[in-house]
Amino acid sequence: MSVSEDAEHSQCLALSPGLALVFDLDGVVVDSMPLHTLAWQRYLRSLGIQGNDGEARMHGRRTDEIVRDFLGAETDPSIVLRTWRGEERLFREMMRDQLDRHLVPGVARLLERASPAPVALATNAEPANVDFVLDGAGLRRFFSVIVDGTQVANAKPAPDVYLRAASELGVPPAQLYRLEDSPVGVEAARAAGARVVGVLTHSAPLGGVDFSVRDFLEPELETWLLAQRVI
């Protein structure tokens, strides 16, 4: 059975009224870090720069911040934009034929089952990557609100993306359940007042979460979500 067929045969997950789910994109909807790391290595090599520590420098950050980390804080904005777009374009080319198998296991089913509840996507990712993943995987229909890194002044670990998502959902931040894979994402969610489910798609420890899972196939997640109540 395909991902889409599996989602369509799911039953609803009846969350307590007033609660909302907010998903990150990279590392939560799609396990993109391995290909992003490789794309950065290849792109930086084309510029004569070694980027072997790319994963540690990029995890949870907005792409313009990653560019300045590699090229220098005072890099001209036009160079930042050109580098940003070049790496992201290479990433999408590399991911294009592999997107379905890089989705975090069970994510389509969870989104389908949770659809009666308010569901948002809030991410540091750029709009082109958001569109690429949501449209390529057929997941856009599950999100009533989408907030990307270009829509807020401050990227994670600032809470801006979560506060905007809460505002657009019409839900107080304390009633958000944020699904996150990175320490900066957890920090941002906590700063917004949200509760956090850690998604352990990376080997690094992830502290400060209320609950954690390896992926969305673990039945304990739905049991835990169903037990949550409005504070």
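The values are calculated or read from the model by the stated rules, or taken from the named source; none is laboratory data. Remember, predicted model here, so these are calculated numbers, not experimental data. Here the Cβ positions follow ideal geometry from the backbone for every residue, glycine too, while neighbour counts run over all protein chains shown. Surface areas here come from the heavy atoms of the whole protein model, side chains and all, with no ligands, DNA or RNA. Shrake-Rupley method; radii C 1.70, N 1.55, O 1.52, S 1.80 Å.
Restricting attention to segment 160-189 and to residues that are more than 23 Å from residue 131 (Cα to Cα) and free of Cβ contacts under 8 Å to residues at least 24 places away in the same chain, the residue that is surrounded by the most Cβ atoms within 10 Å (Cβ to Cβ) turns out to be 186. Contact annotation: residue pairs with Cβ atoms under 8 Å, 6 or more positions apart or on different chains, pairing a residue in segment 73-93 that is more than 12 Å from residue 40 (Cα to Cα) with a partner that is open to solvent by 60 Å² or more (accessible area, probe 1.4 Å), are 75/68; 80/68. The residue that is nearest to residue 32 (Cα to Cα), counting only those in segment 145-154 that are open to solvent by less than 20 Å² (accessible area, probe 1.4 Å) and at pLDDT 95 or above, is 147. Does residue 157 satisfy the condition of being open to solvent by 50 Å² or more (accessible area, probe 1.4 Å), farther than 28 Å from residue 101 by Cβ, assigned to a loop (DSSP other than H, G, I, E, B) and out of contact with any Asp or Glu (no Cβ under 9 Å at 6 or more places or on another chain)? Considered against the rule, which asks whether it is open to solvent by 50 Å² or more (accessible area, probe 1.4 Å), farther than 28 Å from residue 101 by Cβ, assigned to a loop (DSSP other than H, G, I, E, B) and out of contact with any Asp or Glu (no Cβ under 9 Å at 6 or more places or on another chain), residue 157 comes out as no. Is there a residue in segment 82-105 that is part of a helix (DSSP H, G or I), surrounded by fewer than 21 Cβ atoms within 10 Å (Cβ to Cβ) and at pLDDT below 85? Scanning segment 82-105 turns up at least one residue that is part of a helix (DSSP H, G or I), surrounded by fewer than 21 Cβ atoms within 10 Å (Cβ to Cβ) and at pLDDT below 85. Residue 215 falls short of the stated requirement of being under 28 Å from residue 12 (Cα atoms), in a helix (DSSP H, G or I), out of contact with any His (no Cβ under 7 Å at 6 or more places or on another chain) and modelled with pLDDT of 95 or more.
Among the numbered conditions (1) open to solvent by 50 Å² or more (accessible area, probe 1.4 Å); (2) touching a Ser or Thr at 6+ places or on another chain (Cβ under 7 Å), the only one that residue 217 does not meet is (2). Screening segment 172-211 for residues that are within 15 Å of the chain's Cα centre (by Cα) and of a type in the set (Ser, Thr, Tyr) and picking the one that is nearest to residue 156 (Cα to Cα) gives 182. Take residue 204 and tell me if it is in contact with a His (Cβ under 9 Å, 6 or more places away or on another chain) and among the small types (Gly, Ala, Ser). The answer is yes for residue 204.
Residue-level analysis places residue 204 outside the set of residues that are within 26 Å of residue 108 (Cβ to Cβ) and at pLDDT 95 or above.
Just checking, does segment 114-125 include any residue being touching a helix residue (DSSP H, G or I) at 6+ places or on another chain (Cβ under 9 Å), polar (S, T, N, Q), within 24 Å of residue 187 (Cα to Cα) and open to solvent by less than 60 Å² (accessible area, probe 1.4 Å)? Yes, that holds for at least one residue.
Only one of 46, 16, 32, 2 is loosely packed, with under 13 Cβ neighbours inside 10 Å, at pLDDT 85 or above and of a type in the set (S, T, N, Q); which? If you could, list the steps in order and put the result at the bottom.
Details: 16 fails: loosely packed, with under 13 Cβ neighbours inside 10 Å; 32 fails: loosely packed, with under 13 Cβ neighbours inside 10 Å; 2 fails: at pLDDT 85 or above.
Among 46, 16, 32, 2, only 46 is loosely packed, with under 13 Cβ neighbours inside 10 Å, at pLDDT 85 or above and of a type in the set (S, T, N, Q).
Can you name the residue in segment 54-81 that is at pLDDT below 80, open to solvent by 70 Å² or more (accessible area, probe 1.4 Å) and not hydrophobic (A, V, I, L, M, F, W, C) and is also nearest to residue 200 (Cα to Cα) among such residues? Among residues in segment 54-81 that are at pLDDT below 80, open to solvent by 70 Å² or more (accessible area, probe 1.4 Å) and not hydrophobic (A, V, I, L, M, F, W, C), the one nearest to residue 200 (Cα to Cα) is 55. Scanning segment 180-208 for residues that are closer than 19 Å to residue 120 by Cα, not small (Gly, Ala, Ser) and not in a strand (DSSP E or B) returns 181, 184, 186, 187, 190.
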